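Notes follow the structure.
The values are calculated or read from the model by the stated rules, or taken from the named source; none is laboratory data. Since we're looking at a predicted model, the values are computed, not measured. Cβ placement follows ideal geometry from the backbone for every residue including glycine, while neighbour counts extend to all protein chains displayed.
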Amino acid sequence: MSTPYLSMDLAKIEANARRVVADFAAHGIAVAGVTKVTCGHPAVAQAMLRGGVSMIGDSRLRNLHRLREGGVTAPLMLLRVPALSAAAEVVACADVSLNSELAVLEALSAAALAQGRVHEVIVMVDLGDLREGVMPTELVPLVTALKALAGVRMVGLGTNLACFGGVVPSRENMGQLVALSDEAARAYGQPLRWVSGLNSSGLALLEAGHLPPAMNQARIGEAILLGRETIIRRPWPGTAQDAFLLHAEVLELKRKPSVPIGTLGEDAFGERPRFAERGERLRALLNVGREDVEHAGLTPLDERLSIVGASSGYLVMDVSAAAGDIRVGDVLPFALTYGALLRAMTSEYVEKRLLPLSAGDGVDTRGAP
C-alpha cells in the first residue's frame with residue numbers, strides 16, 4: 001500500500017449527511033452539500049446525496065465538471081461568484097450560481113440565451129463578513145436591473161458569514177437577510193425560492209432555535225465531512241469526526257536531542273522555529289510534509305504521540321511515550337482540520353482511498369482534478 005494516503009469513509013459521510021439534513025429539515029431548511037474541500041469528489045457527493053442533501057455545491061468549475069463526469073445527476077450550484085470570462089461555461093455546467101455583479105449577470109444572460117437555457121441565480125448580499133456580495137443599500141438597484149435580463153432567473157437571496165471576517169450568524173443578521181429577501185422579491189416582482197444564509201457556522205443558531213422561519217436553505221460542507229460546527233469547531237451531536245484520516249509511514253526512528261545543535265537561523269520557509277529543551281527524545285520521520293498538508297491541522301490518533309514540526313517533505317514527531325510500540329514501516333493515522341484536509345486533497349502526492357471499497361470504488365490518486 002502506497003503512502004501517504006487519505007482515507008475517506010463514505011458510510012460515515014452518508015450518516016453525517018443524514019443527521020445534519022434531519023436537523024435542518026426539522027426547521028424547514030433544505031441542505032446543499034458542499035464538496036469543495038474534496039475537490040468535487042463524485043463518490044463524496046453521492047454519499048451526501050444518499051444522506052438526503054438536495055443539491056451539490058462547489059466553488060470550482062473544474063470540480064463541477066468532475067461531478068458530472070463522475071455520474072452526479074443532482075442539481076449543481078457554483079458557490080464562488082463567477083468570473084466574467086467564464087460565463088458560458090458557468091451556464092453549461094451549473095444549474096444555479098451565486099452572483100453579485102451586474103456585468104457578470106449580463107454575460108450569464110447572453111450565454112444562457114445562446115445556449116437555449118435559463119440559468120438560475122442567487123444574489124449574494126454582504127452582511128458584514130466582507131467577502132462576496134452587494135452591500136444592502138445596493139441590493140434593490142441590482143435586482144431591478146436583473147429583472148430586465150432574459151435567460152437568467154433570480155431564485156434566491158443569500159449571504160456568507162464566518163468564512164473570511166469570522167462574523168458569527170446571529171438572530172439579527174439572519175433577520176436582516178430575511179427582510180432584504182422580501183425587499184428583493186418586491187423589486188423582482190415574484191417570490192424567491194431560497195433564502196440561503198447558513199453554512200456550518202450556523203449550527204449553533206439552529207440548535208438554539210433562533211432562526212427566522214423564512215430561512216430555507218443551508219450550504220453545508222464541514223459539518224457533514226468532519227462532523228463539526230465552525231464557530232468553535234465543536235463536534236456536532238450524532239456525527240463522526242473521523243470520516244477522513246491521513247495515513248503516513250515512519251521512515252526513520254532514532255533518539256536525538258530535542259534542541260538543534262549550532263547557531264540557529266531561518267528554516268526553509270523563512271521562519272525561526274522554537275524548541276524546548278527536553279533532553280534526548282525518540283523521534284520519527286514520516287513521509288508527509290508541508291507540501292502535502294497543513295501540519296498544524298493534524299492530530300495523531302495515538303495520544304502518546306506529538307508533532308514537533310515539518311519540512312516540505314517530512315513530518316517530525318516525538319514518539320518517546322510509545323517507545324517499543326512503533327517501528328520503521330508503521331503507518332500512523334491522523335485526524336485533520338478543514339485546512340489540513342484541503343491541502344491533503346489538493347496534493348497529487350497523497351493518494352485518496354475510498355472506504356468501504358465496492359465496485360467502482362478504490363484508490364483515487366488524483367489531487368485537484
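Assess whether residue 62 counts as being without any contact (Cβ under 8 Å) to a residue 60 or more places away in the chain, surrounded by fewer than 17 Cβ atoms within 10 Å (Cβ to Cβ) and within 16 Å of the chain's Cα centre (by Cα). Walk me through it before giving the result.
Working: without any contact (Cβ under 8 Å) to a residue 60 or more places away in the chain: no; surrounded by fewer than 17 Cβ atoms within 10 Å (Cβ to Cβ): yes; within 16 Å of the chain's Cα centre (by Cα): yes.
Criteria not met by residue 62.
Of all the residues in region 235-262, those that are of a type outside the set (Phe, Trp, Tyr) and closer than 15 Å to residue 297 by Cα number 6.
Evaluated against (1) in contact with a helix residue (DSSP H, G or I) (Cβ under 7 Å, 6 or more places away or on another chain); (2) touching a residue at least 60 places away in the same chain (Cβ under 8 Å); (3) surrounded by fewer than 15 Cβ atoms within 10 Å (Cβ to Cβ), residue 327 falls short on exactly one condition, (1).
Of all residues in region 288-298, exactly one satisfies the criterion of being surrounded by fewer than 17 Cβ atoms within 10 Å (Cβ to Cβ) and under 14 Å from residue 248 (Cα atoms), namely 291.
Within region 23-43, residues that are in the same structural domain as residue 194 (by TED's automatic domain parsing) and crowded, with 21+ Cβ neighbours inside 10 Å have Cβ atoms under 6 Å from residues that are modelled with pLDDT under 95 and among the aliphatic types (A, V, I, L, M) in these pairs: 39/368, counting only partners at least 6 apart in sequence or on another chain. In region 282-301, is there at least one residue being free of Cβ contacts under 8 Å to residues at least 12 places away in the same chain and part of a loop (DSSP other than H, G, I, E, B)? No: region 282-301 contains no residue that is free of Cβ contacts under 8 Å to residues at least 12 places away in the same chain and part of a loop (DSSP other than H, G, I, E, B).
Does residue 98 satisfy the condition of being in the same structural domain as residue 199 (by TED's automatic domain parsing) and either of a type in the set (Asp, Glu) or touching a strand residue (DSSP E or B) at 6+ places or on another chain (Cβ under 9 Å) (or both)? Give the derivation first.
Numbers: in the same structural domain as residue 199 (by TED's automatic domain parsing): yes; either of a type in the set (Asp, Glu) or touching a strand residue (DSSP E or B) at 6+ places or on another chain (Cβ under 9 Å) (or both): yes.
The answer is yes for residue 98.
Filter region 223-249 for residues that are among the hydrophobic types (A, V, I, L, M, F, W, C) and either touching a Pro at 6+ places or on another chain (Cβ under 6 Å) or closer than 12 Å to residue 200 by Cβ (or both) and give the result.
Step one: of region 223-249, the residues among the hydrophobic types (A, V, I, L, M, F, W, C) are 223-226, 231-232, 236, 240, 243-246, 248.
223, 224, 225, 226, 231, 232, 236, 245, 248 - these are the residues of region 223-249 that are among the hydrophobic types (A, V, I, L, M, F, W, C) and either touching a Pro at 6+ places or on another chain (Cβ under 6 Å) or closer than 12 Å to residue 200 by Cβ (or both).
Summed over region 128-156, residues that are closer than 21 Å to residue 191 by Cβ and touching a residue at least 40 places away in the same chain (Cβ under 8 Å) total 15. Here the helices (runs of 4 or more DSSP H) wholly within region 1-105 that include at least 1 residues being in contact with a helix residue (DSSP H, G or I) (Cβ under 8 Å, 6 or more places away or on another chain) and under 17 Å from residue 200 (Cβ atoms) are 10-25, 42-50.
In this structure, is residue 198 surrounded by fewer than 23 Cβ atoms within 10 Å (Cβ to Cβ), aliphatic (A, V, I, L, M) and on the phi < 0 side of the Ramachandran plot? Against the criterion (surrounded by fewer than 23 Cβ atoms within 10 Å (Cβ to Cβ), aliphatic (A, V, I, L, M) and on the phi < 0 side of the Ramachandran plot), residue 198 does not qualify. Restricting 148, 112 to those that are more than 24 Å from the chain's Cα centre (by Cα), buried (at least 17 other Cβ atoms within 10 Å of the Cβ) and modelled with pLDDT of 95 or more reduces the list to 112. Residues in region 151-193 that are under 25 Å from the mean Cα position of the chain (by Cα), assigned to a helix (DSSP H, G or I) and among the polar types (S, T, N, Q): 173 only.
Tell me, yes or no, whether region 265-286 has at least one residue that is at pLDDT 95 or above, crowded, with 16+ Cβ neighbours inside 10 Å and under 30 Å from the mean Cα position of the chain (by Cα). Checked region 265-286: at least one residue is at pLDDT 95 or above, crowded, with 16+ Cβ neighbours inside 10 Å and under 30 Å from the mean Cα position of the chain (by Cα). Restricting attention to region 304-324, the residues that are buried (at least 17 other Cβ atoms within 10 Å of the Cβ) and more than 31 Å from the chain's Cα centre (by Cα) total 3. When the residues of region 339-352 are filtered to those that are over 19 Å from residue 222 (Cα atoms) and touching a strand residue (DSSP E or B) at 6+ places or on another chain (Cβ under 8 Å), the one that is surrounded by the most Cβ atoms within 10 Å (Cβ to Cβ) is 350.
Mind checking whether some residue in region 247-256 is modelled with pLDDT of 95 or more, under 22 Å from the mean Cα position of the chain (by Cα) and surrounded by fewer than 23 Cβ atoms within 10 Å (Cβ to Cβ)? Yes: region 247-256 contains one or more residues that are modelled with pLDDT of 95 or more, under 22 Å from the mean Cα position of the chain (by Cα) and surrounded by fewer than 23 Cβ atoms within 10 Å (Cβ to Cβ).
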